[in-house]
Amino acid sequence: MRVATVFSRGLAGLEAPLVRVEAHVGGGLPQFRIVGLPDTEVKEARDRVRAALDTSRFQFPDGRVTVNLAPADLPKESGRFDLPIAIGILAASQQVPDRELGSLEFAGELGLAGELRSIRGALAMTFGAHRDGRAFVIPEAAAAEASLAPGARVLAARSLLEVCGHLSGIAPLSPYHCKPAPRSLPHGDLCDVRGQHHARRALEIAAAGGHSLLMVGPPGTGKTMLATRLAAILPPMTSGEALEAAAVQSLASGAFDPSRFGERAVRAPHHTASAAALVGGSSPPRPGEISLAHHGVLFLDELPEFSRHVLEVLREPLESGRICISRAARQAEFPARFQLVAAMNPCPCGYLGHFSGKCRCSPDVVLQYRRRISGPLLDRIDLHVDVPALSPSQLKRAVRGERSRDVAARVKSARDVQLRRQGMSNARLDAGECEAACAASDPVHELLVEAASRLNLSARAYFRVLRVARTIADLAGSERVAEGHVAEALGYRGAAPT
């Protein structure tokens, strides 16, 4: 009777807790049991592992085989435990040596022919293995993602036989190294937008300070074009931001593309999306759209068409930058530091204020339409800007604006100033930090207080205006916030639906 221990990893939010796969081969009637809170996918590993061992010309042990996944109180899901279970059984039955098992961790789903298939969460698990000083054996299909973890030792294999060849010393696996090839950004260029200088200016301010933005205008005025080009002018991600964003995306159902490492995500869910699709859900919990847009852009087009309940779930993560998903058996927290960009029509038909004058919506209908968006949510959006329709003659006279790279250079300079001054973007400042960073004179504060009183601004909106004014001053290269900066910031509170 022998017991072999193989190390693997579970997934709990962004964390990858260590899982010990203990395999015991004993006497008695033939039986194969997996214990340790496995879900259906893990229980099905019995058939996959047995078939993979048989087709790989190994002998499945006679007698009683018990596999324990410890700790027992951590739910185990997905097929990633197939490989460590198979290795544990082979080691316990003395078909492969166990001398290297203490320095390795394993994860991978087995096919019936013994081939290894990709798994989700490879990057998060590799971080955990590297932190504990062990190399990570993983399917070749997931190795490019796992190799993004700096300093980690990743061993890629295509089949169970290759892993056993490494453990036996017959054909050692070489450390996997993959540097993603640079890709051109697919976000389009800002110069494609004709006219709309006011909206372009608002987009630049939003990019420089990390502010949320709402655009209101008739169909076809360029709202979507502007929103999809925001990512192209945002500052480059730091290595830490890129790794964190990649780790979140690797937890999603779709495969993460390592060649897009370092690109800011642009997520644009349809207005029929549910609250669970937006914030995350399922069991075990998985990240939703707001987490997949971490350090990127979340674009909500046709904002009033979203269910009010769905929109209300944005309020907490807009403030905290995190979302906690609770289920009966499990709880998981995911980062959600996204930049919200929303677009909407001014009325149900969409043509209120259009130069054609074809809108026939009554004031009551318009008011009812705009009230689909709650006041507390609107209060959390920093910039509200009108995007008016241009007549054919105006469109013909409109000249092409600046290219994205020119705007991005100014945005990066302003963001660098913020990072040197306070270590974060202006949008993330709390009330005390905001007042300290603004260094505004008494006349500026008096102007802001008077405007807040006339516009009935809440305390939250007051400080959001101050943060926007700080960003405008940073773009202008000014150390202090002046009255002109505050006046421009106040102008971006006037397009909000009421």
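The values are calculated or read from the model by the stated rules, or taken from the named source; none is laboratory data. Values in this document were obtained by computation on a predicted structure and should not be read as measured data. In this analysis, Cβ positions are derived from the backbone assuming ideal geometry, glycine residues included, and neighbour counts consider all displayed protein chains. To get the accessible areas, we keep the full protein, side chains included, count just its heavy atoms, and leave off ligands, DNA and RNA. Shrake-Rupley method; radii C 1.70, N 1.55, O 1.52, S 1.80 Å.
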* Structure fact -> Selection over region 32-53 where residues are in contact with a Ser or Thr (Cβ under 7 Å, 6 or more places away or on another chain) and acidic (Asp, Glu) yields a count of 1
* To do: Determine which single condition GLY165 fails, assuming it passes every other condition in (1) assigned to a helix (DSSP H, G or I); (2) crowded, with 19+ Cβ neighbours inside 10 Å; (3) modelled with pLDDT of 95 or more.
  => (2)
* Structure fact -> Of (1) assigned to a helix (DSSP H, G or I); (2) open to solvent by 20 Å² or more (accessible area, probe 1.4 Å); (3) of a type outside the set (Gly, Ala, Ser), THR272 fails just (1)
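Of all residues in region 418-432, which are buried (at least 19 other Cβ atoms within 10 Å of the Cβ) and out of contact with any Phe, Trp or Tyr (no Cβ under 9 Å at 6 or more places or on another chain)?
Across region 418-432, the qualifying residues are GLN418, SER425, ASN426, ALA427.
So, of the residues in region 402-443 that are in a loop (DSSP other than H, G, I, E, B) and in contact (Cβ under 8 Å) with a residue 60 or more places away in the chain, which turns out to be nearest to GLY484 (Cα to Cα)? Give the derivation first.
Applying the first criterion (in a loop (DSSP other than H, G, I, E, B)) to region 402-443 yields 402-403, 423-425, 429-430, 439-441.
Those still in the list that are in contact (Cβ under 8 Å) with a residue 60 or more places away in the chain too: 402-403, 425.
On the way: GLU402: 23, ARG403: 26, SER425: 21 Å.
That would be SER425.
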* **Hey, THR5 open to solvent by 40 Å² or more (accessible area, probe 1.4 Å) and farther than 29 Å from SER147 by Cβ or not** => no
* **Of all residues in region 22-65 being part of a strand (DSSP E or B), of a type outside the set (Gly, Ala, Ser) and open to solvent by less than 50 Å² (accessible area, probe 1.4 Å), the one that is nearest to SER168 (Cα to Cα)** => VAL25
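Please determine, by comparing only the residues of region 372-386 that are over 19 Å from LEU298 (Cα atoms) and touching a residue at least 60 places away in the same chain (Cβ under 8 Å), which one is most open to solvent (accessible area, probe 1.4 Å).
ARG372
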* Selection within region 371-426 - closer than 17 Å to ALA208 by Cβ and hydrophobic (A, V, I, L, M, F, W, C) -> ILE381, LEU383, VAL385, VAL407, ALA408, ALA409, VAL411, ALA414, VAL417, LEU419, MET424
* Structure fact -> Flagged in region 211-233 as open to solvent by 20 Å² or more (accessible area, probe 1.4 Å) and either among the polar types (S, T, N, Q) or at pLDDT 95 or above (or both), in numbering order, are THR224, THR228
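Residue by residue, here is whether (1) in contact with a helix residue (DSSP H, G or I) (Cβ under 6 Å, 6 or more places away or on another chain); (2) open to solvent by 10 Å² or more (accessible area, probe 1.4 Å); (3) more than 20 Å from VAL216 (Cβ to Cβ) holds:
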site: LEU314; (1), (2), (3): no, no, no
site: ARG327; (1), (2), (3): no, yes, yes
site: ARG337; (1), (2), (3): no, yes, yes
site: VAL341; (1), (2), (3): yes, no, no
site: GLY350; (1), (2), (3): no, no, no
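Looking only at strands (runs of 3 or more DSSP E) that lie completely in region 296-401, which have at least 2 residues being at pLDDT below 90?
Working: elements: 297-300, 322-326, 331-335, 339-344, 383-386.
Where strands (runs of 3 or more DSSP E) fall fully within region 296-401 and carry at least 2 residues being at pLDDT below 90, they are 322-326, 331-335.
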* Can you work out which of the residues in region 391-412 that are exposed (fewer than 15 other Cβ atoms within 10 Å of the Cβ) and hydroxyl-bearing (Ser, Thr, Tyr) is farthest from ALA489 (Cα to Cα)? => SER393
* **Among residues of region 453-470, those that are outside any helix (DSSP H, G or I) and in contact (Cβ under 8 Å) with a residue 12 or more places away in the chain, counted** => 2
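So, PRO218, is that one under 26 Å from the mean Cα position of the chain (by Cα), of a type outside the set (A, V, I, L, M) and under 30 Å from GLY401 (Cβ atoms) or not? Write out each step before concluding.
Working: under 26 Å from the mean Cα position of the chain (by Cα): no; of a type outside the set (A, V, I, L, M): yes; under 30 Å from GLY401 (Cβ atoms): yes.
The answer is no for PRO218.
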* Asked: In region 207-235, how many are of a type in the set (Val, Ile, Thr) and in a loop (DSSP other than H, G, I, E, B)?
  -> 1
* Just one of the numbered conditions (1) under 26 Å from PRO235 (Cα atoms); (2) in contact with a Leu (Cβ under 9 Å, 6 or more places away or on another chain); (3) surrounded by fewer than 22 Cβ atoms within 10 Å (Cβ to Cβ); (4) modelled with pLDDT under 90 is not true of ALA496; which one? -> (1)
* Counted residues, region 103-126 - those being open to solvent by 10 Å² or more (accessible area, probe 1.4 Å), at pLDDT 95 or above and of a type outside the set (D, E, K, R) -> 4
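Tell me whether region 122-137 contains one or more residues that are aliphatic (A, V, I, L, M) and assigned to a loop (DSSP other than H, G, I, E, B).
To start, the set of residues in region 122-137 that are aliphatic (A, V, I, L, M) comprises 122-125, 129, 135, 137.
Keeping just the survivors that are assigned to a loop (DSSP other than H, G, I, E, B) gives none.
Looking through region 122-137, none of the residues is aliphatic (A, V, I, L, M) and assigned to a loop (DSSP other than H, G, I, E, B).
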* **Checking ALA473 against (1) outside any helix (DSSP H, G or I); (2) within 15 Å of ARG421 (Cβ to Cβ), the condition it does not meet** => (1)
* To do: Only residues that are in a strand (DSSP E or B), of a type outside the set (A, V, I, L, M) and modelled with pLDDT under 95: list them for region 1-21, please.
  => ARG2, GLU15
* Asked: Across region 185-210, which residue is modelled with the lowest pLDDT among those that are surrounded by fewer than 24 Cβ atoms within 10 Å (Cβ to Cβ) and either under 20 Å from the mean Cα position of the chain (by Cα) or of a type in the set (Asp, Glu) (or both)?
  -> LEU185
